[in-house]
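Q: Below are the structure tokens for one structure; questions will follow.
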Amino acid sequence: MAQPREHTLLERASKRALDIVGALVFFALLGPIYVAIALCVQISMGRPVHYWQTRLGVDGQKFRFYKFRSMVRNSDAILEEHLKKDEDARKQWDTFQKLEQDPRITPFGKVIRKLSLDELPQFWNVLVGDMSLVGPRPCMERQRSLYGKHWGHYCAVRPGITGLWQVSGRNRLSYAQRVELDAEYVNNWSLWLDIKILAKTVSAVISGDGSR
């Protein structure tokens, strides 16, 4: 089994510095947009404004992962019932871990998810050190088995708000393909690679390419 490339202390420090600077710049420049979205979520869906879930981070440690709420409150039960009734949806979920027509998402939730605005609270995760600007997508505990031989690669770095798979096809890729790209990212990481992925992410978000 191939082992993930070990990153030097200088590489880890430079990546963390980019994360801190990026998160602080985000809140300094886009703080009003953050507040406006929070108000819109509260008006359209009520409280809570934020949604949190346990995810697995660096070294497989658990952390609290935040998003703006875009789904109804009983979303887990609705998803389970929907997948029981719809075989095509079940196959799509097994392959992508996402649905093209997700019955859990509210009308305003569809808007912020289309524009990736539901992800903005993750800048708090970056600031406190749970996540990075760039890295593997934070996985849920039940998704751990999907990483197979690449679980070590996932645990080698902090998960990211964006990553290599988000700029390489986004939701058109199967989960297995995303895992391969995450492993590739870890083995080929450089500060310049992070900067290129961040630039491509902005372009992908603006165009809405592959969003769901």
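Just so you know, all these numbers are worked out from the coordinates, no wet-lab data involved. This is a predicted model, so every value here is computed, not measured. Cβ sites come from the backbone with ideal geometry, for glycine too, and all protein chains shown count toward neighbours.
Q: What ranking do 190-198, 42-50 get when scored by the average of other Cβ atoms within 10 Å per residue, highest first?
A: Highest-to-lowest ranking by the protection proxy: 190-198, 42-50.
Q: Treat every Asp and Glu Cβ in the range 65-180 as -1 and every Lys and Arg Cβ as +1, leave all other atoms uncharged, and give the resulting dipole magnitude about the Cα centre to the nearest 20 debye. Numbers along the way, then the final one.
A: On the way: 20 positive and 14 negative charges, 32 e Å.
I would put it at about 160 debye.
Q: Suppose every Lys and Arg Cβ carries +1 and every Asp and Glu Cβ carries -1, with no other charges. What dipole size does the chain come out with about its Cα centre, to the nearest 20 debye? Mind dumping the intermediate values first?
A: On the way: 31 positive and 22 negative charges, 53 e Å.
For this selection, approximately 260 debye.
Q: Also, I was wondering about something else. Compute the normalised compactness of the range 50-154: alpha-carbon radius of gyration over 2.2 N^0.38 Å, N being the residue count.
A: Numbers: Rg = 14.7 Å, N = 105, 2.2 N^0.38 = 12.9 Å.
In units of the globular-protein estimate, the range 50-154 measures up at 1.14.
Q: Under the classification rounded if a/c is under 1.5, otherwise prolate if a/b is larger than b/c and oblate if not, where does the range 1-96 fall, given a ≥ b ≥ c as square roots of the Cα gyration tensor eigenvalues?
A: Because a/c hits 1.5 or more and a/b fails to exceed b/c, the range 1-96 counts as oblate.
Q: Quick check on the chain: of the DSSP beta bridges with both residues there, what percent are antiparallel, nearest 5%?
A: Values: 10 of 12 bridges.
Expressed as a percentage, antiparallel bridges in the chain total about 85.
Q: Are there any trypsin sites (Lys or Arg not before Pro) in the range 1-51 that are in a DSSP loop and have at most 15 other Cβ atoms within 10 Å? List them by number. Numbers along the way, then the final one.
A: Values: sites: Arg5, Arg12, Lys15, Arg16; in loops: Arg5.
Those that pass, being in a loop and sparsely packed, are Arg5.
Q: In addition: Find, among the GluC sites (Glu not before Pro) in the range 26-123, those assigned to loop by DSSP (not H, G, I, E, B) with at most 12 other beta-carbon atoms within 10 angstrom. Can you show the working numbers first?
A: Numbers: sites: Glu80, Glu81, Glu87, Glu100, Glu119; in loops: Glu100.
Passing both the DSSP loop test and the Cβ count: Glu100.
Q: Taking 10 °C and 1.306 mPa s as the conditions, I'd like the Stokes-Einstein D for the range 84-202 in µm²/s, using the Kirkwood hydrodynamic radius from alpha carbon pairs.
A: 104 µm²/s
Q: Among the complete DSSP H segments of the chain, which ones combine at least 20 Å of alpha-carbon extent along their axis with a mean Kyte-Doolittle hydropathy of 0.5 or more?
A: Numbers: long enough: 9-45 (46 Å, 1.45); 191-207 (25 Å, 1.32).
The answer, listed by residue number, is 9-45, 191-207.
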